[in-house]
Structure formats: C-alpha cells, structure tokens
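What follows is a set of notes on a single structure, which appears directly below.
The values are calculated or read from the model by the stated rules, or taken from the named source; none is laboratory data. What you are looking at is a predicted structure, and each value in this text was computed from that prediction instead of being measured. Positions of Cβ are backbone-derived with ideal geometry, glycine not excepted, and every protein chain shown enters the neighbour counts. These area figures cover heavy atoms from the full protein model, side chains too; ligands, DNA and RNA do not enter into them. Shrake-Rupley method; radii C 1.70, N 1.55, O 1.52, S 1.80 Å.
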Amino acid sequence: MKTIAIYPGSFDPMTNGHIDILLRAAALFDKVIIALAHHTEKNALFTIQERAELIRQCIQDIPNVEVDDFDTLLVDYVRAKHARVVVRGLRAVSDFEFEFQMALMNRTLAPEVETIFLMPKDSYSYLSSRITKGIAALGGDISQFVPPHIEKALRTKLANAPHQPFLENQS
Ligand code: ADP
C-alpha cells in the first residue's frame, strides 16, 4: 500500500524552509501532497492559484510531490485523499505549542491520522513567509530565502500592493 502524506499550510509564498521540509518528506513517503488551505485566503498576499503556480515551479523535478487545495477540515481532506500522515515543519520552540495543540486536536477528530514533525536545516529554522515578505517589502535581499521565481513574483506583487506591515503583525 502506498503511503501518502499531506503537507498543509498557507505557503504565502513557499520559502526554502518549506522546500527543505518537503524534500525530507518526499524521501520518506511514496507521495506528498502540498495542500493549500482556503481559509488562509483572506490575509494572504498571493491568491491560492498564484501560490499553487509558484509551488508547481518549485516541485517540477520532484516526481512524487503534487499541489492541491482544500476548504474543509484538514482531517476530512486527509481521509478523502486516503492519506494517513500529516507533515508539519518545526522551527523554533515557538512553533511547538500551536503545533502540539493542532496535532492532538486532529488526533481526537481522526485517531488514524498521524502528524509527523520534521525539522529543517538549522539555517532555515528562523525563516518564515511573513518575515520574507517583510524584508522584501522594505527592499531587503531575500535571495537566500526563496527560489528566484518566487523572489521575482514577490517583487512584482509588492510593487503593486498597498503597504502591508508584515514585520509588525503575527498573521
Ligand atoms: P501555516 O500557515 O499553516 O503555519 P505555513 O505555510 O507558514 O503554514 O507553513 C506550513 C508548514 O511549514 C508549517 O508546519 C510550518 O511550521 C512549516 N514551515 C514554515 N517555514 C518553515 C521553515 N523555515 N522551516 C521548517 N518548517 C517551516
């Protein structure tokens, strides 16, 4: 039986930290589905379609990874995909409390679904989409944090978007 893992998130946009986790998951499971959560649409810089397209360009050389989106409860989506595993990345201690709560809540709702946490390379352990957007919005160099096509998309998007205080809020 094939082991399918779901890697859910907002990916607004995908960073090298996300890609690091994704490569680790792709080495462990037969198939990994990156699942863009629709409930993240409201506060996002990129639309779901834009984020999916940016992700597609990141994964074109990884045969067992695909991108999808969902607007249901995560556990219902996991079941619909016949998956058993949810993959999440753990950066610093600050991620732990929220992730721990979500994992145990999901286990209560769907005991057969296991959440697996992977840690990125240490140099990505401080990296987030929010901080990357904040640095880019202030004209900083983000070339170490995202692939070139995402850097370009961010610059274009930010040039046309009204000022957003990425570095000041926690969303
Ligand atoms: P969410 O909005 O659900 O937090 P994100 O798109 O920000 O989703 O992230 C999706 C997953 O990837 C989460 O598990 C998050 O902890 C993880 N992640 C994000 N950035 C990194 C990083 N730099 N290193 C490792 N994991 C990360």
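The apolar share of the surface of segment 4-165, taken as the fraction of accessible area on carbon and sulfur atoms (1.4 Å probe, ligands and nucleic acids excluded), comes to 56 percent. Using r as the Cβ-Cβ distance of L104 and E53, and R0 as 25 Å, what FRET efficiency do you calculate, to the nearest 0.05? Once rounded, the FRET efficiency stands at 0.15. The angle separating the long axis of helix 93-109 from the principal Cα axis of greatest extent in the chain is about 40 degrees. For the chain, how big is the tail of P(r) above 18 Å, as a whole percent of Cα pairs? Cα-Cα pairs in the chain separated by more than 18 Å: 61 percent.
Shape index of segment 29-98: Rg/Rh, with Rg the Cα radius of gyration and Rh the Kirkwood radius from the inverse mean 1/r over Cα pairs, equals 0.97. Within segment 89-130, the percentage of alpha carbon pairs spaced more than 17 angstrom apart rounds to 38%. Phi angles of segment 117-132 translate, via the Karplus equation with coefficients 6.51, -1.76, 1.60 and θ = phi - 60°, into HN-Hα couplings of 9, 10, 9, x, 3, 4, 5, 9, 6, 10, 8, 9, 4, 4, 5, 4 Hz per residue; Gly and Pro are given as x. Along the charge dipole of segment 4-165, which of V93, G140, I59 sits closest to the positive end, that is, farthest toward it, with unit charges on the beta carbon of Lys, Arg, Asp and Glu (+1, +1, -1, -1)? Farthest towards the positive end: G140. Taking Cα atoms only, the orientation of helix 16-28 departs from the longest principal axis of the chain by about 20 degrees.
For segment 82-90, 3J(HN,Hα) computed residue by residue from phi via the Karplus equation (6.51, -1.76, 1.60; θ = phi - 60°) reads 6, 9, 10, 10, 10, 9, 9, x, 10 Hz, glycine and proline entered as x. Once the 1.4 Å probe is applied to the protein heavy atoms, the chain comes out at 56 Å² accessible per residue.
Compute the separation of the alpha-carbon centres of segment 82-102 and segment 106-123 and state it in Å as a whole number. One Cα centre to the other: 5 Å. Once the Cα atoms of helix 48-59 and of the chain are each reduced to a long axis, what angle between those two axes, in degrees from 0 to 90 to the nearest 10, is obtained? The two axes meet at around 80 degrees. Each peptide in 98-111, 5-18 was scored by the mean count of other Cβ atoms within 10 Å over its residues; highest first, the order is 5-18, 98-111. Of K2/K81; K31/K81; K2/K31; K133/K157; K42/K133, which sit over 18 Å apart, Cα to Cα? Among K2/K81; K31/K81; K2/K31; K133/K157; K42/K133, the Cα-Cα distance tops 18 Å for no pair.
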